[in-house]
Amino acid sequence: MKLRFNSFDIICGVTELQSLVGLRVNQIYDIDNKTYLIRLQGGGEAKKVLLLESGIRFHTTSFEWPKNMAPSGFSMKLRKHLKNKRLEKLSQVGTDRIVDFQFGAGEAAYHIILELYDRGNIVLTDHEMTIVYILRSHQEGEDVRFAIREKYPIHRAKQEAMLPSEDELINIINTSEPSYNMKNTLMCLLDGGPAVVEHLLKKYELDDCFIAAKDDNGNKVDDAEQQKKSKKNKNKREAAKQVNSRPFNIETDLSSLMAALREGNEILQTARQETSKGYIVQKKVEKPSTETSGGEVDHFYQNVEYHPLKFCQYECESIATFDSFMLAVDEFYSTLEGQKIDMKTLQQEKEALKKLSNVKLDHAKRLENLTKAQETDKQKAELITANQLLVDNAILAIRSAIANQMSWPDIHELVKAAQANGDPTAASINQLKLEINHITLRLSDPYGSDEQDEENSLSTLLVDVDLALSAWANARKYYDLKRTAAQKEQKTIDASQKALKSAERKTQQTLKDVRTISTISKARKVYWFEKFYWFISSENFLVIGGRDAQQNELIVKRYMRPNDIYVHAEIQGASSVIVRNPSGADVPPKTLIEAGTMAISYSVAWDAKVVTNAYWVRSDQVSKTAPTGEYLGTGSFMIRGKKNFLPSCHLIMGLTLLFKLEDSFVEKHRGERKVRTFEEEQLHNEQQVLTENEKLDDVEEVEVELDDDNEQPQSEYPDIQVKVEHDTGRITINNEEKTKHIEDTVETQKDDDQNEEESTIIAAAPSRKKHQMNAKKRKEEKERKTQQKQQAQRQLSEESEHRSNQAKRGQKGKLKKIRSKYKDQDEEERQLRMEILKSAGKKPEIVADPKLEECAMALKSNKPKQQPFEPKQAATQEPDDDDADEKNTGADVDMIDSLTGQPFEDDELLFVIPMIAPYQSIQHYKYKVKITPGTGKRGRAAKTALTMFSKDKMCTNREKDLLKSIKEEALARNIPGKVKLSAPQLQKFKK
């Protein structure tokens with residue numbers, strides 16, 4: 001399979017891409033460490049995406065390539081020097097496999113040098129060809145260094161050679177080393193690559209020629225001797241071709257070779273002036289068929305090579321034609337992954353059918369061996385019967401020798417002596433097996449004759465005879481063995497029919513699963529937000545969060561729009577969370593609380609198992625402008641103005657599945673996630689309570705850790721005060737339960753009374769090394785306070801045990817959990833939470849609560865109260881193809897409306913996406929499992945959840961197929977940390 005550009009491809013590609021000259025660089029992305037996308041834009045709607053892959057290819061593309069989550073250092077360097085510059089020139093360097101892209105003019109010019117030979121390279125140089133940045137630094141010899149601040153050796157490239165005359169060509173052939181075809185010779189004379197050379201040789205019937213070897217006198221070696229030598233060649237393929245080839249004859253073949261060279265030169269000149277069409281050579285691959293397929297053979301076409309010319313060596317192959325060469329190349333590489341999936345599927349199908357074939361062969365071999373055993377036992381019994389006297393005499397002779405107490409060696413000598421004397425009885429003895437009391441006799445049919453059919457006569461066989469039995473008894477033993485083999489054969493036949501049917505069913509199911517997963521994998525669309533932490537709120541808002549400092553900065557600078565809400569936890573290193581608000585209306589409080597839960601969960605609070613506060617601000621309050629004399633690093637922001645604090649959010653997340661609906665089924669699910677009125681919310685809560693009561697016994701009994709650690713959940717800390725120092729991120733825990741609620745209330749009131757013009761700096765997350773050190777300290781601290789926690793838990797258990805004994809059956813665990821969870825909540829706080837959870841719905845009797853009114857007023861406010869700052873803010877976003885909402889404000893809604901967590905049985909589902917979200921936002925989803933801080937590993941938790949989903953009684957066949965396509969690493973990727981799973985009947989799937 002062809003996987004990189006050759007010389008002719010480069011010529012045609014450079015010619016076609018001259019249409020890009022004059023376009024400006026809009027943005028640069030990297031797909032991987034050696035593949036980069038340059039988005040070019042001109043006047044009006046002219047927009048092109050240029051793809052460069054080191055050592056492989058360059059072409060325009062319309063395919064949506066998956067970009068890296070954060071731009072690499074090389075991408076950032078390219079952006080710095082090339083952004084907004086015009087592509088001024090695009091050329092091949094000499095006739096070498098090097099392409100020069102010049103951006104900008106004069107002293108402001110920069111060059112991208114793309115090397116497409118050997119290991120490849122991408123080099124960024126200034127206008128003097130001094131290397132500014134290089135993808136792969138190396139040294140060639142002692143003088144040439146490819147490194148930063150070195151001159152790029154642009155003049156070292158291969159230059160175009162003139163066509164040789166006939167005399168020069170004769171001299172070249174006469175002085176050439178012997179070769180097994182003319183291709184090697186022609187490659188040195190024409191800069192068109194191997195495909196063009198093969199085309200010319202075949203067209204002029206020179207493809208079977210070779211340059212003959214010569215002896216010491218300069219005479220050609222004859223053809224027979226040359227072929228003999230060719231067989232010793234290491235290149236077996238060339239040696240095989242040589243058998244049917246002929247030596248190049250200067251007198252008859254020189255004119256054809258000259259014509260081929262001239263036509264090759266014309267092809268290259270035409271390619272430098274005119275845009276070429278594109279062709280993809282394809283190979284028809286048949287899929288393996290089974291007996292149940294009805295004899296129909298399915299197939300697909302595998303792309304093998306791409307070319308800018310329809311070469312004659314491929315005239316018998318299947319060829320797909322495209323309007324331009326760049327279109328053909330883009331199609332080839334964009335479908336390469338799909339082709340790999342098809343080939344992998346084909347291999348898995350072949351392996352499954354091979355296993356079935358092996359089972360059938362094994363059963364057939366067993367039956368054949370049993371049939372042969374029956375026939376052999378029958379013949380042995382018949383031979384013993386036909387030679388009864390001989391067998392008895394042999395048995396009697398050996399018995400007599402044993403009875404006379406002769407040693408075994410003496411018996412062997414006795415038999416040999418008798419055989420030498422011509423004794424017929426001794427002559428029939430082939431071997432003595434006295435250790436098992438057997439002898440082996442050579443027996444044949446005594447009544448057979450030459451005239452008799454071979455089928456009706458008994459052949460000579462070696463028969464083992466038991467010395468303890470007579471001839472008749474030995475014959476009966478072989479008849480018994482025959483009957484036993486016949487019975488075993490029948491049992492094998494009966495069992496094999498069932499085994500073969502079972503194997504065929506398994507094979508058919510395997511083929512179905514493989515093809516289904518292949519189809520799902522190719523249909524699976526990777527959404528732009530999947531590179532971040534993300535979820536869809538219970539009111540249909542897309543919420544995204546950064547995984548690290550770079551992503552925090554990325555989502556704020558690129559993906560946060562004027563109407564969006566920024567949410568952050570009041571703790572160091574938390575994720576920056578954005579609530580996408582395409583409609584511009586007020587974001588309901590329930591969604592804000594869910595976003596706050598996400599911000600807290602993706603912070604050190606999860607590992608520490610503590611709850612802290614979260615707050616939200618408008619997008620125009622978030623800035624990268626630091627106060628005078630201060631510096632904001634990557635992922636750090638300045639919050640100006642008032643912060644709107646949210647009620648305490650619990651560390652309870654959930655794992656669920658979203659199914660992609662076919663377009664015609666989207667309308668049926670529209671409105672599943674919406675803002676509910678008070679009556680709708682009340683009805684929904686009642687339904688949830690009824691559902692939960694039905695599952696109560698199962699849920700409360702089986703909340704188990706995924707490992708053997710007996711650590712208790714965070715809700716069972718009765719006498720512990722948690723103090724969070726927001727400026728340092730330090731967490732202190734004291735045993736003063738009574739003062740906790742009062743201090744929290746005072747701190748919240750203090751935050752609420754702050755001046756609206758206050759400024760807060762959000763620090764970036766700590767480095768991985770520092771985070772690991774902090775984790776070690778937390779582990780040591782946790783060990784020190786284990787005894788205190790256990791003592792407090794025992795006291796709580798003793799106090800509640802008596803009351804719990806009076807509860808109804810199945811309610812004991814629930815009451816214990818409720819007391820532990822809400823022990824610090826007074827009536828006022830409970831009422832406030834109930835009001836907020838009513839979302840945007842209105843209650844007939846409105847309770848005037850200052851905190852709730854303040855939250856609502858803040859949501860309705862549209863203008864910031866501070867002076868405007870930083871013109872390049874979230875309101876002025878950089879255009880990005882990943883962010884489709886820049887073009888269409890309703891794209892968020894249209895996209896997430898096609899994803900449902902409540903699939904109907906008759907829905908057409910395309911693929912499935914795992915989602916980690918606050919548990920309150922997924923309570924009405926079909927598949928869900930609760931996640932809280934614990935000690936279980938993420939991968940094991942994901943595997944357990946996936947097993948539980950697939951074993952659900954309500955899981956349809958299509959959903960099971962979709963679940964099989966989920967990779968465990970994709971399922972576990974967004975889990976906050978070490979976890980504990982909780983779900984009905986979870987204990988069944990723990991192992």
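The values are calculated or read from the model by the stated rules, or taken from the named source; none is laboratory data. Worth saying up front: this structure is predicted, and the values here are computed from it rather than measured. Cβ coordinates were reconstructed from backbone atoms using ideal geometry, including for glycine residues, and neighbour counts include every protein chain displayed. Just the protein is used for accessible areas: all its heavy atoms, side chains included, with ligands, DNA and RNA removed. Shrake-Rupley method; radii C 1.70, N 1.55, O 1.52, S 1.80 Å.
Against the test of being at pLDDT below 90 and in contact with a Lys or Arg (Cβ under 8 Å, 6 or more places away or on another chain), the options 144, 132 yield a single qualifying residue, 144.
Where strands (runs of 3 or more DSSP E) fall wholly inside the range 523-631, the ranges with 1 or more residues that are touching a Pro at 6+ places or on another chain (Cβ under 8 Å) are 533-536, 614-618.
Scanning the range 972-991 for residues that are at pLDDT 80 or above, more than 16 Å from residue 935 (Cα to Cα) and touching a Lys or Arg at 6+ places or on another chain (Cβ under 8 Å) gives a single hit, 983. The number of residues in the range 1-33 that are among the β-branched types (Val, Ile, Thr), at pLDDT 90 or above and either open to solvent by 10 Å² or more (accessible area, probe 1.4 Å) or part of a loop (DSSP other than H, G, I, E, B) (or both) comes to 3. Only helices (runs of 4 or more DSSP H) whose full extent lies in the range 911-991 are considered here, and the ones with at least 3 residues that are free of Cβ contacts under 8 Å to residues at least 60 places away in the same chain and more than 26 Å from residue 541 (Cα to Cα) are 938-950, 957-964. Do the conditions hold for residue 372, that is, is it farther than 30 Å from residue 61 by Cβ, basic (Lys, Arg) and open to solvent by 80 Å² or more (accessible area, probe 1.4 Å)? Yes, satisfied. Only one of the numbered conditions (1) touching a Ser or Thr at 6+ places or on another chain (Cβ under 8 Å); (2) open to solvent by 10 Å² or more (accessible area, probe 1.4 Å); (3) within 22 Å of residue 664 (Cα to Cα) is violated by residue 920, and that is (3).
Of the residues making up the range 172-185, none is farther than 11 Å from residue 264 by Cα and at pLDDT 85 or above.
Annotation: of all residues in the range 632-667 being part of a strand (DSSP E or B) and basic (Lys, Arg), the one that is least open to solvent (accessible area, probe 1.4 Å) is 660.
Taking the listed residues 555, 600, 578, the one that is of a type in the set (A, V, I, L, M), farther than 17 Å from residue 618 by Cα and free of Cβ contacts under 8 Å to residues at least 60 places away in the same chain is 600, with no other qualifying.
Checked against the criterion of being within 27 Å of residue 603 (Cβ to Cβ) and not small (Gly, Ala, Ser), the range 905-912 contains not a single residue that satisfies it.
For the range 149-203, filtered to residues that are among the acidic types (Asp, Glu) and not in a helix (DSSP H, G or I), the residue that is farthest from residue 101 (Cα to Cα) is 177. Counted as qualifying within the range 34-129 are the strands (runs of 3 or more DSSP E) with 3 or more residues that are crowded, with 21+ Cβ neighbours inside 10 Å and among the β-branched types (Val, Ile, Thr), namely 121-126.
Can you confirm whether the range 513-532 contains a residue that is open to solvent by less than 70 Å² (accessible area, probe 1.4 Å), of a type in the set (A, V, I, L, M, F, W, C) and modelled with pLDDT of 85 or more? Checking the range 513-532: at least one residue is open to solvent by less than 70 Å² (accessible area, probe 1.4 Å), of a type in the set (A, V, I, L, M, F, W, C) and modelled with pLDDT of 85 or more.
Of the set (1) closer than 22 Å to residue 922 by Cα; (2) touching a strand residue (DSSP E or B) at 6+ places or on another chain (Cβ under 6 Å), all apply to residue 610 but (1).
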